[in-house]
1. Among the listed residues Ser171, Ser213, identify the single one that is more than 28 Å from Lys53 (Cα to Cα) and either open to solvent by 30 Å² or more (accessible area, probe 1.4 Å) or in contact (Cβ under 8 Å) with a residue 24 or more places away in the chain (or both).
2. Test each condition in (1) surrounded by fewer than 20 Cβ atoms within 10 Å (Cβ to Cβ); (2) of a type in the set (A, V, I, L, M); (3) at pLDDT 95 or above; (4) more than 22 Å from the chain's Cα centre (by Cα) for Leu34 and report the one that comes out false.
3. So, in segment 355-411, how many residues would count as being surrounded by fewer than 17 Cβ atoms within 10 Å (Cβ to Cβ), at pLDDT 65 or above and more than 24 Å from Val301 (Cβ to Cβ)?
4. Could you give me the residue pairs with C-beta distances under 7 Å whose first residue belongs to segment 340-357 and is more than 29 Å from Thr254 (Cα to Cα), whose second residue is modelled with pLDDT of 90 or more and of a type in the set (S, T, N, Q) wherever it lies, and which are 6+ apart or on separate chains?
5. For segment 49-61, does any single residue satisfy the condition of being in contact with a Cys (Cβ under 7 Å, 6 or more places away or on another chain) and modelled with pLDDT of 95 or more?
6. Are there any helices (runs of 4 or more DSSP H) wholly within segment 28-131 with 1 or more residues that are under 19 Å from Gly232 (Cα atoms), and if so which?
Amino acid sequence: MRSLKTALMSAFLCVVLCSFAPASEETPEELKNLYAGSAVLMDGDSGRILYGKNAEEVLPMASTTKIMTCILALELSDREEICLVTDTAAAQPKVHLGMRTGETYYLGDLLYSMMLESHNDSAVCVAEHVGGSVEGFANLMNQKAKELGCEQTHFVTPNGLDGTDDQGAHSTTAADLARILRYCIGISEKKEEFLNITQTLSYSFCDVSGNRSFTCTNHNALLGMVDGVLSGKTGYTGAAGYCYVGAVCQDGKTLIGALLACGWPNNKGYKWSDMRRLLDYGFSHYEKKSIDLAAVELPRVAVLHGISDSVAVEMERKDEAGTKLPGEKSGGGAEAVLSVLVGADEKLTAHIRLPETVEAPVTAGSRAGSIEILAGKDKLEEYFLSYREGTGRFTWSWCLEQVMQRFFFFG
């Protein structure tokens with residue numbers, strides 16, 4: 001009986017949800033000759049990196065920086081706010097709008113100027129308005145980067161021009177850059193506004209006085225190359241080379257590509273070639289699978305010396321500090337579904353980690369173990385398990401108390 005119980009417990013401890021062949025760690029043939037010095041292909045829904053080439057190498061990122069500038073401006077300001085052009089903003093080098101000191105512009109118009117034409121002066125004007133200064137805005141950018149888990153990213157300028165400060169050079173990694181765009185298009189409360197701006201092909205506006213008018217054209221050439229482009233931003237400096245980050249959605253699959261050091265003049269087209277290859281590989285080799293965590297049967301944990309023989313457990317999503325996240329309780333609601341892109345040569349598994357036995361007493365709500373969702377060797381999510389119910393310890397005093405209660409009850 002004991003051996004049967006152990007066998008059943010072991011079966012529960014590795015719940016296989018979908019079966020595929022073992023994963024291959026070799027670089028796919030289609031991606032062996034990318035031009036980019038650093039590249040990442042990410043599942044835009046889960047954040048899982050599907051492919052990386054020097055993905056964690058720290059490099060300058062040029063005007064791809066402006067995706068962070070744009071999303072922060074949208075989150076921290078109103079698009080109808082009026083921005084005053086300072087000497088610093090007006091002095092920014094090309095590519096620039098050509099604004100003049102003392103002019104005023106609506107913040108929303110400058111975001112189109114910054115994202116469609118990559119105007120450096122517009123980015124600085126926005127940064128000074130939102131952050132009080134370029135340095136103040138850079139602090140906001142770095143704070144947001146840390147919140148997003150971008151530990152190898154450091155912002156110095158809001159427009160992506162090369163720069164350094166006491167903490168280091170203006171730089172990121174392809175992995176971090178993809179994480180930032182994922183936040184912009186899918187997580188931020190201002191994601192719809194961000195998408196509307198970056199999908200716009202042409203935009204016209206005037207300064208607040210109405211004396212000067214401008215028309216901006218979107219330089220994200222990927223918009224005309226493939227279907228389903230959600231967003232994208234180009235970049236170039238002499239130190240960074242050509243850079244690009246973009247997102248595409250087809251057939252319910254969202255892919256994000258990030259390219260750094262992708263050629264120098266006269267190789268401006270390398271980034272488009274690399275991006276097409278990343279997308280073709282991702283869409284042809286990965287399929288979306290959904291895991292309903294509510295369908296994963298959790299075993300009861302046997303209790304030693306307890307009033308009850310066993311206790312039930314439940315899944316509850318918590319952050320790294322163990323704090324409960326509102327609205328993410330799993331195991332019994334629609335929010336327990338996790339969708340992820342999975343390769344044909346991978347296994348999608350849920351590994352339950354629980355003790356075989358626990359010593360009484362057991363407190364309801366205390367930590368019991370965890371369940372990890374894996375795609376191949378990649379951990380996608382971790383859900384902590386807690387005891388759904390508690391039980392006291394079986395003692396002689398407890399027995400005597402029970403006898404006394406029954407004696408007086410029947411008496």
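The values are calculated or read from the model by the stated rules, or taken from the named source; none is laboratory data. Treat the numbers as computed from the prediction; the structure is a model and nothing was measured. Note that we place each Cβ from the backbone using ideal geometry, even for glycine, and neighbour counts take in every protein chain shown. The area values use the complete protein model at the heavy-atom level, side chains included, leaving out ligands, DNA and RNA. Shrake-Rupley method; radii C 1.70, N 1.55, O 1.52, S 1.80 Å.
1. Numbers: Ser171 fails: more than 28 Å from Lys53 (Cα to Cα).
Among Ser171, Ser213, only Ser213 is more than 28 Å from Lys53 (Cα to Cα) and either open to solvent by 30 Å² or more (accessible area, probe 1.4 Å) or in contact (Cβ under 8 Å) with a residue 24 or more places away in the chain (or both).
2. Exception for Leu34: condition (1).
3. 4
4. Arg353/Ser370
5. Restricting attention to segment 49-61, the residues satisfying the condition of being in contact with a Cys (Cβ under 7 Å, 6 or more places away or on another chain) are 61.
If we keep only those that are modelled with pLDDT of 95 or more too, we end up with 61.
Taking every residue of segment 49-61 in turn, at least one turns out to be in contact with a Cys (Cβ under 7 Å, 6 or more places away or on another chain) and modelled with pLDDT of 95 or more.
6. Values: elements: 66-76, 87-90, 107-116, 120-131.
Output list reads 66-76, 107-116, 120-131.
To keep it simple, each residue is scored yes or no on (1) surrounded by 15 or more Cβ atoms within 10 Å (Cβ to Cβ); (2) among the small types (Gly, Ala, Ser); (3) modelled with pLDDT of 95 or more.
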site: Met275; (1), (2), (3): yes, no, yes
site: Arg300; (1), (2), (3): yes, no, no
site: Glu316; (1), (2), (3): yes, no, no
site: Ala321; (1), (2), (3): no, yes, no
site: Gly332; (1), (2), (3): no, yes, no
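Conditions (1) surrounded by fewer than 21 Cβ atoms within 10 Å (Cβ to Cβ); (2) in a loop (DSSP other than H, G, I, E, B); (3) in contact (Cβ under 8 Å) with a residue 24 or more places away in the chain; (4) touching a Cys at 6+ places or on another chain (Cβ under 7 Å), marked per residue:
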site: His219; (1), (2), (3), (4): yes, yes, yes, no
site: Val226; (1), (2), (3), (4): yes, yes, yes, no
site: Gly232; (1), (2), (3), (4): no, no, yes, no
site: Cys243; (1), (2), (3), (4): no, no, yes, yes
site: Leu259; (1), (2), (3), (4): no, no, yes, yes
